[in-house]
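The values are calculated or read from the model by the stated rules, or taken from the named source; none is laboratory data. This structure is a prediction, so every number in the text was calculated from the model and none was measured. Using ideal geometry, Cβ is built from the backbone for each residue, glycine included, and neighbour counts are taken over all protein chains shown. SASA here: full protein model, heavy atoms, side chains in, ligands and nucleic acids out. Shrake-Rupley method; radii C 1.70, N 1.55, O 1.52, S 1.80 Å.
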Amino acid sequence: MHISEGVLSAPVLLTGAVLTAGGLWAGLKSLRSEDIPKASILSAVFFVASLIHVNIGPSSTHLILNGLIGVLMGLSAFPIIFLGLLLQGILFNFGGITTLGINTFNMAFPAVLFGILLRAPINSKNSVISTVGSYLGGSLPVLASGLLVASSLYLTGSQFLLVSYEVLIGNLPVVLIEGFVVLFCIRFLKKVRPEVLATSPLGQTTEPASA
Amino acid sequence: MKAGMQPIAAFLALLAIGVLSPLAWTDRAFAHSVFIFAWPQGETICADSYFSGRSPVRGGTVTMTDRTGAVLDSAVTDDEGSVCFPRPRTDSDLTFVVEAGQGHKADFLLRVVDLPPLNLLDSSASPSSLESNGSAPAESPETAGIASFPAGPGADLPKEIDLESLRTMVRQELSAQLGPMARALTEKNAQGPTAKEIVGGLGWLAGLFGFAFWLSGRNNRRKPSPKED
């Protein structure tokens, strides 16, 4: 998922950087003071999640956990993932600095999108809907991130079908596993602090910022 | 509010610890940063490519280009992440680029001074003492070149060795001996993140969000003041 330096063309990098800048602005604006410690810990989780190596068959990839961040933090996923990727780039050499924008967008946008779309099913009182919603909240963002990575490479000249196939097959174990990770986390939070889920994603900013 | 945050913070902290503990300190801990290293080996040039954590790049495409960017050769890595090319008949720096799929790419520049000169390679084919070198391009670096030297003190040395042959022999022997060392250095570079870097990164995050918290607190304190005035 971490696209290296020197792979993508300048327009793709620039577009990614601009989209991420917008996401960062919106994400920081929506981040409430009381959510900062949660954001900090989620950023740390994202930072180290890439060290969990999933090795099934010939493919080897790592956890991403962008779905968990999207479900819990909504728009604030942008700054959280950005910081995680920045430190991974500087300290671990994963990805790169020029690709920081596009990598952030590829991972944060699906997180935000599905975090918002799946909020209602996740909070549903019907346990089946809630379970399915939670599982999809973990797996769909990884799948969508893979497609965005494939699109980024396609826009630079790679063959879309070939790259998509590679990315999808490579990340399939992660897609399946992250669904369970998020399902487990949400079930736990529902038991311990259900209000965290009800108030976290976008749209629940109770304090009117403009007033 | 503070009391309400405690179980969540504790849960997320546990999650972070759970994520860190089992794998982060072992060789299995790895993510996708790609490395490539190339070195001359006899009449071939071999390249090894790894992901960080020293996991070999299997089935990656390695392309060899000259100074002008013209593609000289291209091959797919084996299960060890290795690939060997015949020494191209050109006196140019060589660039090796590995594409490991999903946007993972790395390159390595092998300078012409590190390559055996073409004229020596051509002449090396004739002396009888060097025949075994040229015929074994796929030998491991540990054995390549050594086979040409008679073992033991009582073995017969070639009676006449001209300067060029001697130079070639020394070069090939050095290349064979230094190859594994250079390989080991690359493997060292390809190690995954160390505990220092991981803890350092977590410290940075704590510091940055602490700073954000302080900023947010300061802004919140400032906001009510105009109303009071």
Checklist (1) open to solvent by less than 30 Å² (accessible area, probe 1.4 Å); (2) away from every other protein chain (no Cβ under 14 Å) applied to A:Ser145, failing item: (2)
Residues satisfying the stated conditions in the range A:119-163, i.e. small (Gly, Ala, Ser), without any contact (Cβ under 8 Å) to a residue 60 or more places away in the chain and farther than 19 Å from A:Val181 by Cβ: A:Ala120, A:Ser124, A:Ala150, A:Ser151, A:Ser158
Count of the range B:189-222 residues which are open to solvent by 80 Å² or more (accessible area, probe 1.4 Å) and at pLDDT 70 or above: 8
Residue match in the range A:125-137 (condition: under 24 Å from A:Leu31 (Cα atoms) and either at pLDDT below 90 or under 11 Å from the mean Cα position of the chain (by Cα) (or both)): yes
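With respect to B:Phe96, determine if the residue is of a type in the set (Phe, Trp, Tyr) and at pLDDT 65 or above.
Criteria met by B:Phe96.
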Residues within the range B:62-87 that are outside any strand (DSSP E or B), at negative phi and open to solvent by 20 Å² or more (accessible area, probe 1.4 Å), tallied: 7
Tally, over the range A:2-48, of residues that are within 7 Å of another protein chain (Cβ to nearest Cβ) and either among the β-branched types (Val, Ile, Thr) or closer than 20 Å to A:Leu147 by Cβ (or both): 8
Meets criteria (more than 12 Å from every other protein chain (Cβ to nearest Cβ), at pLDDT below 90 and open to solvent by less than 10 Å² (accessible area, probe 1.4 Å)) for A:Ile122: yes
Qualifying residue in the range A:82-101 (condition: open to solvent by 10 Å² or more (accessible area, probe 1.4 Å), farther than 20 Å from B:Gly201 by Cα and in contact (Cβ under 8 Å) with a residue 60 or more places away in the chain): no
